[in-house]
Amino acid sequence: MPELPEVETVVRGLRASLPGRFIREVRLGKTDFIDDPVALTERLPGCRIAGVTRLGKFICIGLDPAIEFKPNGSVASPGECLNLIIHLGMTGQLTVRHPGDQVAGHTHCFFSLDDHSELRYTDIRRFGRMLLVSESGLAAFQNHLGAEPLEITLEDFRARFGSRRARVKALLLDQSVLRGVGNIYADESLFRARIHPARIAASLAQKQLTELHRAVREVLTAAIRLRGSSISDYVDAEGNNGEFQLRHRVYQRESKPCVRCKEKIRRMIVAGRSSHYCPRCQPAPRTQKARSKKIKKA
């Protein structure tokens, strides 16, 4: 599933070509992932694309309202600005194409633009989501999301993690805690911070939380620089693969030697997700049984 670096890469690609363009027409195929398909076909034509931003794992395309010209030459008052919010799900792709380009299978949305290009949304599994949010409703939408990992302060990070009894991997995946971090970058960040994915967040020392805060930012920044990880279906706005998958240190490297100590990478399930870690560099938390034995010996 595209995570923060992949979505940021797509956003930067779209930002290079979409702002200033007008949407001429919207054509839809399958619509089961769209909250209100009729709203897209009726409200988007004539809108001007004002900008493209990222909200965690969501792509936000800001739209100035369409201007309605009256028969007498006057102009109707424009309505409220809109935001086209898109989640790529597991297999979603959002690319800018020429109308003459071959249409990939499972392409469900075509946004024809005034420069004769097309913004196309392709999604094999259709686990993504697309919805229109008014400018006044955007703040409420964002309130459901956690903090931005690349902007969160160390103090806020410690506060969100240091008092929680959940496993640290589960908290990294919780989008109401941090927006945008997924399985790949949680595993990679925990490895760099030398923290086992099953550790209880509240058991981590302040120094460990500081290391994790640093690791999350470093991993995400490096992944953005290399245009994300192309594990399965992810491509950027131009249809190109990312390169960060070549730099993974633990993710999907089960049984391969650790890049630090040569111990074999292991995999376990945490928060319902596969978690890859080095048993030597990321020592497992002591179990209650082990602690009880230690107390009895004492």
Most positive-pole-ward Cα, 220, 278, 237, against dipole of the range 154-283 from beta carbon charges
278
Distribution output for the chain: share of Cα-Cα pairs per 10 Å bin in percent, first bin at 0, values 6, 25, 29, 20, 12, 5, 2, 1, 0, 0
Once you have all Cα-Cα distances for the range 154-283, histogram them in 5 Å bins from zero and send the whole-percent values.
2, 11, 21, 23, 20, 13, 7, 2, 0
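Please report the antiparallel percentage of the DSSP beta bridges confined to the chain, to the nearest 5.
Antiparallel bridges make up about 95 percent of those DSSP assigns within the chain.
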Computed FRET efficiency, Cβ-Cβ of residue 175 and residue 16, R0 30 Å: what is it to the nearest 0.05?
0.65
Relative contact order for the chain, counting Cα pairs under 8 Å that sit 6 or more residues apart, in percent
18 percent
For residue 221 and residue 102, FRET efficiency with R0 = 41 Å and r from the beta-carbon atoms, rounded to 0.05?
0.70
For the residue 64, residue 31 Cβ pair and Förster radius 22 Å, calculated FRET efficiency rounded to 0.05 is 0.35
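Hey, could you grab the Kirkwood Rh for the range 162-239? Inverse mean 1/r over distinct alpha carbon pairs, Å, one decimal. Write out the running numbers ahead of the final one.
Details: mean 1/r = 0.0757 Å⁻¹.
It is 13.2 Å.
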Which of the pairs 207/256; 169/207; 169/264; 57/169 have their Cα atoms more than 24 Å apart in this structure?
207/256
Contour minus end-to-end for residue 246 and residue 144, with contour as 0.36 nm per residue of separation and end-to-end as the Cα-Cα distance?
33.4 nm
For the range 4-143, build the convex hull from the C-alpha positions and give me its volume per residue in Å³.
111 Å³
For each of 226, 14, count neighbouring Cβ atoms within 10 Å of the residue's Cβ, then give the residues from fewest to most.
226, 14
By Cβ neighbour count within 10 Å, fewest first, 106, 116 rank 116, 106
How do 221, 9, 122, 31 rank when sorted from fewest to most other Cβ atoms within 10 Å of their own Cβ?
221, 31, 122, 9
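All of the numbers you see were taken from the coordinates with simple rules; none came from a lab. Just so it is clear, the structure is predicted and the values come from calculations on it, not from any experiment. Methodologically, a virtual Cβ is constructed for each residue, glycine included, from the backbone with ideal geometry; neighbour enumeration extends over all protein chains shown.
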